[in-house]
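Working notes, structure below.
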Amino acid sequence: MLDLVRELAAALEKRQPVTVATITEVKGASPARPGFKLLMRPDGSWLGNVGGGELETRIRQAAQEALSEGRARTMHYSLREEGLDAIGTLCGGEVTVFVEPYLPQPVLLIVGGGHIGRPLAELGRTVGYEVQVVDVRPERADRPQLAPATISADTYVVLITEDHVTDEQALRAVLSTPTPYIGMIGSLRKIRAIMDHLRADGFSDEQLARVRAPIGLDLGGREPAEIALSILAEIEAARHGGCGRPRSVSPATWVEARPSKQ
């Protein structure tokens, strides 16, 4: 158990995703006991023991699925040959397992710590991002240079520097990274010019299509904090698969949806 806890702590420190499956309840005959744990790594290797045999095989599979989906789940297994949740064994008992993925905190990488970068950093921390700000001015950044090698699949990149040259340089650096989101601020004229430069230098249309520019959802606000909010709203929509549409319904639809009085 202590080795598993240490492994979990080390994975979190290294920003490596893992899943922990814990036996929470056992009824009847079973090789498992409440409190048994198993830690599953992304490569399919694991640490710990939850009873062995077919039961453990099923739990390892559930742990891998939870890790890929990023969602916790409670699983029930019947150690019988037939019936609901049966796994084809003869023990006769029942086992309940809580499977919980531990995922790295998403990173919000802001290139440009100016008047929009500052409120965006504050909003990002509030939502739960690990915020990193890159800027040549040390008083408004926590790192002076962009390091593309550190950008992972859970890093969301925002390019909002104070000149188009720096934005273009940063865009060239991040297009080859696995980031799921690249947003760049600027007018349509600036964006077209940058895209033309990159296309002329061999960047493909598929690569350039990854860039969201002008950045942010159209919320109507024009103040720095309002623009920052629109940027974070777009990132959250991209991260969670949202569409950005209002969730409210029209009054007419609401009236129609009300249950009629009996």
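Tabulated data
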read-out: Matching option when the condition is in contact (Cβ under 8 Å) with a residue 40 or more places away in the chain and within 17 Å of residue 111 (Cα to Cα), among 163, 154; value: 154
read-out: Region 137-163, residues that are surrounded by 20 or more Cβ atoms within 10 Å (Cβ to Cβ) and either farther than 19 Å from residue 207 by Cβ or of a type in the set (D, E, K, R) (or both); value: 160, 161
read-out: Residue match in region 124-132 (condition: touching a residue at least 24 places away in the same chain (Cβ under 8 Å), closer than 25 Å to residue 28 by Cβ and out of contact with any Lys or Arg (no Cβ under 7 Å at 6 or more places or on another chain)); value: no
read-out: Complete set of residues in region 180-193 that are without any contact (Cβ under 8 Å) to a residue 40 or more places away in the chain and on the phi < 0 side of the Ramachandran plot; value: 182, 184, 187, 188, 189, 190, 191, 192, 193
read-out: Qualifying residue in region 169-177 (condition: at pLDDT 95 or above and of a type in the set (D, E, K, R)); value: yes
read-out: Matching residues, region 101-120, being out of contact with any Lys or Arg (no Cβ under 6 Å at 6 or more places or on another chain), more than 18 Å from residue 238 (Cα to Cα) and assigned to a loop (DSSP other than H, G, I, E, B); value: 112, 114, 115, 116
read-out: Matching residues, region 59-74, being over 17 Å from residue 46 (Cβ atoms) and within 16 Å of the chain's Cα centre (by Cα); value: 69, 70, 71, 72
read-out: Of the criteria (1) small (Gly, Ala, Ser); (2) closer than 30 Å to residue 230 by Cβ; (3) modelled with pLDDT of 95 or more, which one residue 62 fails; value: (2)
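Residues are listed down the side, and each one gets a yes or a no for (1) within 20 Å of residue 129 (Cα to Cα); (2) touching a Leu at 6+ places or on another chain (Cβ under 6 Å); (3) part of a loop (DSSP other than H, G, I, E, B):
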residue: 222; (1), (2), (3): no, no, yes
residue: 226; (1), (2), (3): yes, no, no
residue: 230; (1), (2), (3): yes, yes, no
residue: 233; (1), (2), (3): yes, yes, no
residue: 239; (1), (2), (3): yes, no, no
residue: 244; (1), (2), (3): yes, yes, yes
residue: 248; (1), (2), (3): no, no, yes
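The values are calculated or read from the model by the stated rules, or taken from the named source; none is laboratory data. What you see is a predicted model, and the numbers here were worked out from it, not measured in a lab. Heads up, the Cβs are rebuilt from the backbone with ideal geometry, glycines too, and the neighbour counts pull from every protein chain shown.
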